[in-house]
Amino acid sequence: MVKIDKDDVLLIVDVQNDFLPGGALAVAEGDQIIPVINKLQGKFSLVVATQDFHPASHGSFAANHVGKNPGDFIELAGLTQILWPVHCVQGTFGGDFHADLARDRWTAVFQKGMNPEVDSYSGFFDNARKGDTGLGEFLTTIGAKRVFVCGLALDYCVKFTAQDSKELGFETFLISDATRAVNLRPTDGAKAIDEMKAQGINVISSQDL
Ligand code: VGL
Ligand code: ZN
């Protein structure tokens, strides 16, 4: 069991309609984590969220590159970039949080992916580590000690967010039944968990809290 203290933070990553079944970049069973996350929120005095928040012109969208399809690769911001379907565009239903996700206890929402020139998987920094959402400074300012990460998608934004949290010096936990993977390759989710464990991120279940 892990006892939650008042300086522990629940960090909910990208639980948005486009990442849920029926959405543009749907994560299988993504909707199953919503009741789990809602129950978890009641245990924390600090709850924050991230939101993938792209302009329609975003460079990670295959539709913005002639002759390219989702799953193809390009170079973006000097990095190899996988191309995605158009998703989480600012002001669209797909970019909104799921209606069943409780939001009444959130202290702040950190938006990412606004710069069309670079993708942003982590809730802290863009993939080129140039842009900063302010989440790290926020967590430091409120005196956060441990960060508990959940949400979508395990093999992209959840993993990158947990890794940056750990790197910034927060003791970091992944709540494994409160996340799901895109699994472009069937083992991506399992690999992401192994990688995180190897990096010293604690992988726990919501039942442990
Ligand atoms: C995400 C792919 C593209 C995520 C965001 O939230 O995991 N994945 N943009
Ligand atoms: Zn995105």
Practice problem: Please give the calculated 222 nm ellipticity per residue for the chain, where each DSSP H segment of at least 4 residues contributes -39500 (n - 2.57) and the sum is spread over every residue; nearest 500 deg cm²/dmol? | Solution: -5000 deg cm²/dmol
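Would you kindly state how much longer the chain becomes between I4 and E137 on full extension, computed as 0.36 nm times their sequence separation minus their alpha carbon distance, in nm to one decimal? If you can, show how the numbers build up before the last one.
Values: separation 133, 0.36 × 133 = 47.88 nm, distance 2.16 nm.
Between I4 and E137, full extension yields an extra 45.7 nm.
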Quiz item: In the chain, how does Rg compare with the Kirkwood Rh, expressed as the Rg/Rh ratio over alpha carbon atoms?
Solution: 0.94
Practice problem: Mind sorting E167, E137, E75 by how few other Cβ atoms lie within 10 Å of their own Cβ, fewest first? | Solution: E75, E137, E167
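For the residues W106, W84, what sequence is obtained by ranking on other C-beta atoms within 10 Å, fewest first? Can you show the working numbers first?
Numbers: W106 16, W84 22.
Going from sparsest to densest Cβ surroundings: W106, W84.
What's the local net charge at A24, with K and R +1, D and E -1, over the other residues with C-beta under 12 Å away?
Values: positive: none; negative: D18, D52.
Taking every Cβ under 12 Å from that of A24, the sum is -2.
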Quiz prompt | Karplus-derived 3J(HN,Hα), 6.51/-1.76/1.60, for each residue of region 203-209, Hz, glycine and proline x | solution = 9, 10, 10, 4, 5, 7, 9
Quiz item: Roughly how big is the chain's charge dipole about its Cα centre, with Cβ charges of +1 (Lys, Arg) and -1 (Asp, Glu), in debye to the nearest 20?
Solution: 320
Practice problem: Starting from the eigenvalues of the Cα gyration tensor, five times each then square-rooted, give me the equivalent ellipsoid semi-axes of region 1-102, largest first, whole Å. | Solution: 31, 15, 12
Exercise. Of the DSSP beta bridges with both residues in region 67-209, give the percent that are antiparallel, rounding to the nearest 5.
Key: 35
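Determine, for each peptide in 90-97, 138-145, the mean count of other beta carbons within 10 angstrom over its residues, then list the peptides with the highest first. Numbers along the way, then the final one.
Working: 90-97: 16.0, 138-145: 14.4.
Taking the mean over residues of other Cβ atoms within 10 Å, the ranking is 90-97, 138-145.
Go ahead and run the numbers for FRET between V36 and E75, Cβ-Cβ distance against an R0 of 30 Å, rounding to 0.05. Please list the in-between numbers first.
On the way: r = 38 Å, r/R0 = 1.25.
Computed FRET efficiency for V36 and E75 comes out at 0.20.
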Quiz item: Karplus couplings for region 86-92 from phi (6.51 cos²θ - 1.76 cosθ + 1.60, θ = phi - 60°), rounded to Hz, Gly and Pro as x?
Solution: 4, 8, 6, 6, 3, x, 9
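Since every read-out is calculated from the coordinates, none of them should be taken as a lab result. This structure is a prediction, so every number in the text was calculated from the model and none was measured. Positions of Cβ are generated from backbone atoms using ideal geometry, with glycine treated the same way; all protein chains shown enter the neighbour counts.
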